[in-house]
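A short worksheet on the structure shown next.
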């Protein structure tokens with residue numbers, strides 16, 4: 001009973017260790033999966049953040065380029081305003097000749113003196129008298145009164161309508177009916193008009209022209225009377241000079257590398273281009289622009305204008321939508337319709353849309369992150385598989401140690417008992433002594449065979465085992481096998497039937513190794529066959545392929561058979577099916593694994609066909625060498641004969 005108690009305790013211990021290892025394995029696997037999901041979520045967030053940061057950087061670059069372009073373009077117009085020096089008292093102490101002199105000085109110094117087509121005074125403060133339209137030439141010519149051109153008529157009508165008061169004149173750009181906004185601007189117009197010399201200028205993009213209200217004053221010889229009405233200075237701009245001179249010059253400063261294409265269109269319409277830096281003006285190239293900017297921007301007198309001023313002082317535009325925004329500085333634009341079509345700067349990347357580049361970057365980052373995740377998943381899978389295999393191998397090794405210990409203990413116990421009886425003098429007759437000696441010899445032989453098999457398996461695994469291949473006859477090989485297994489077969493009571501084909505060809509192999517291989521197959525057949533069952537050993541020549549032949553040696557039993565779930569594992573080292581372990585059948589789990597290694601070392605292979613309750617057939621496939629390798633004749637296949 002102590003031995004049985006010890007065995008059960010060991011089994012329970014191994015079972016408890018197995019449960020702990022299994023629980024740890026599943027906990028580790030769950031942690032790995034959770035870690036992988038966490039890394040995947042972080043990777044997706046990082047990719048989104050990188051994409052957003054890239055889009056922000058591109059947007060900042062585009063905004064910076066367009067704003068620099070805008071400020072440079074604005075400077076070309078602002079120099080006119082600064083040169084004419086209207087303000088901060090709105091020309092109250094100047095006469096018309098002073099403006100003519102300033103205009104003449106500007107014309108001589110300006111790079112684009114042709115930017116001004118003509119300079120005029122629109123006198124609308126004469127009370128009941130008809131307004132006068134005066135031309136100021138850039139020389140000492142006298143003031144000339146002339147009829148206004150047709151293209152200025154709508155603008156002059158608007159100016160005349162808004163000339164009753166300086167505060168009203170500053171809001172001449174507004175549509176009629178926008179009284180609340182104009183009143184809001186008028187309440188603070190006194191301070192605004194004196195904030196800088198550009199305030200008060202208004203732009204008519206349809207002419208194009210810039211205008212400014214001026215307080216009426218007396219000409220030479222006139223008597224000055226205080227009044228609220230104002231006159232207007234009208235600067236008519238030359239559109240061809242803007243298109244062919246100013247716009248190209250400004251553009252060349254910012255897109256010299258050709259990365260972007262710039263254009264100016266009315267209302268952002270690419271088919272109504274005022275200017276284009278490319279050769280495809282008027283085409284649909286800009287139909288899908290990357291960014292557009294309203295060149296005139298919000299009026300400085302508006303709330304949005306103050307907002308832009310704060311942005312300008314802060315030198316930051318990161319909060320804006322860079323695909324479509326307005327310039328921070330310009331003159332308020334004279335509005336004639338509710339829906340305004342302003343001049344719009346259009347930018348397009350030469351290669352492909354910037355949004356597409358950002359999308360491609362995001363897709364590339366996601367693909368890269370996905371590949372990294374797949375590699376990580378594959379690595380984790382390999383670790384899990386390796387861990388599972390290592391755990392399984394560890395279990396098999398523990399079972400192997402237990403099995404070997406049991407296999408060693410049985411013959412050692414028999415040897416110890418026989419030796420103890422002899423030493424105690426319990427064996428007196430020569431016959432009994434001979435029988436005990438036979439027991440000791442048989443058990444020692446079993447021990448030696450077990451140790452030899454373990455050493456041979458270790459040698460085959462580490463590659464240190466070397467085989468000497470010689471030509472062999474199948475008959476001689478099977479004779480050696482019958483000699484080595486005679487005692488086992490006799491003790492088991494099994495019958496062995498041998499069927500050999502006549503004139504089997506020679507094979508190349510190591511005789512002791514092949515003997516060990518077949519011995520393990522026969523031992524396995526005897527072990528799992530009931531008593532008095534028959535084991536059949538058969539050998540025959542087969543065609544294994546085109547011009548190739550092999551000898552197949554079959555070992556067939558009528559034993560318990562092997563289940564389909566165990567068949568894929570029976571050639572694995574240390575493997576023993578749960579049913580065999582439960583039935584406490586002796587074995588180490590090395591026999592079939594060693595037989596398979598030997599068969600493959602001989603250039604052959606080992607196969608099995610089995611079914612539960614139907615027995616098993618193990619087949620050793622040995623290739624027939626070429627005739628020049630053996631230097632003998634191979635006899636053709638004959639008929640089957642039975643050898644007793």
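What the table shows:
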| read-out | value |
| --- | --- |
| Verdict on residue 483 being modelled with pLDDT of 85 or more and surrounded by 13 or more Cβ atoms within 10 Å (Cβ to Cβ) | no |
| Residue in region 99-117 that is in contact with a strand residue (DSSP E or B) (Cβ under 7 Å, 6 or more places away or on another chain), assigned to a loop (DSSP other than H, G, I, E, B) and either assigned by TED's automatic domain parsing to the domain that holds residue 200 or modelled with pLDDT under 80 (or both) present | no |
| Subset of region 157-166 [surrounded by fewer than 20 Cβ atoms within 10 Å (Cβ to Cβ) and either within 21 Å of residue 99 (Cβ to Cβ) or in contact with a helix residue (DSSP H, G or I) (Cβ under 8 Å, 6 or more places away or on another chain) (or both)] | 160 |
| Test: residue 523 is without any contact (Cβ under 8 Å) to a residue 60 or more places away in the chain and either assigned to a helix (DSSP H, G or I) or outside the structural domain of residue 607 (by TED's automatic domain parsing) (or both) | no |
| Qualifying residue in region 420-432 (condition: in contact (Cβ under 8 Å) with a residue 12 or more places away in the chain and surrounded by 13 or more Cβ atoms within 10 Å (Cβ to Cβ)) | yes |
| Test: residue in region 85-97 that is modelled with pLDDT under 85, in a helix (DSSP H, G or I) and surrounded by 13 or more Cβ atoms within 10 Å (Cβ to Cβ) | yes |
| Sole residue being modelled with pLDDT of 85 or more and either outside any loop (DSSP other than H, G, I, E, B) or touching a helix residue (DSSP H, G or I) at 6+ places or on another chain (Cβ under 8 Å) (or both), chosen from 135, 182 | 135 |
| Residue that is loosely packed, with under 12 Cβ neighbours inside 10 Å, under 58 Å from the mean Cα position of the chain (by Cα) and in a helix (DSSP H, G or I), where the choices are 455, 514, 518, 450 | 455 |
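For (1) closer than 14 Å to residue 536 by Cα; (2) touching a residue at least 24 places away in the same chain (Cβ under 8 Å); (3) touching a helix residue (DSSP H, G or I) at 6+ places or on another chain (Cβ under 8 Å); (4) not assigned by TED's automatic domain parsing to the domain that holds residue 516, each residue gets a yes or a no:
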{"residue": "451", "(1), (2), (3), (4)": "no, no, no, yes"}
{"residue": "457", "(1), (2), (3), (4)": "no, yes, yes, yes"}
{"residue": "472", "(1), (2), (3), (4)": "no, yes, yes, no"}
{"residue": "475", "(1), (2), (3), (4)": "no, yes, no, no"}
{"residue": "480", "(1), (2), (3), (4)": "no, yes, yes, no"}
{"residue": "486", "(1), (2), (3), (4)": "no, no, no, no"}
{"residue": "494", "(1), (2), (3), (4)": "yes, yes, yes, no"}
{"residue": "499", "(1), (2), (3), (4)": "yes, yes, no, no"}
{"residue": "504", "(1), (2), (3), (4)": "no, yes, yes, no"}
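The values are calculated or read from the model by the stated rules, or taken from the named source; none is laboratory data. All values reported here derive from a predicted model rather than from experimental measurement. Here Cβ is always computed from backbone atoms with ideal geometry, including for glycine, and neighbour counts include all displayed protein chains.
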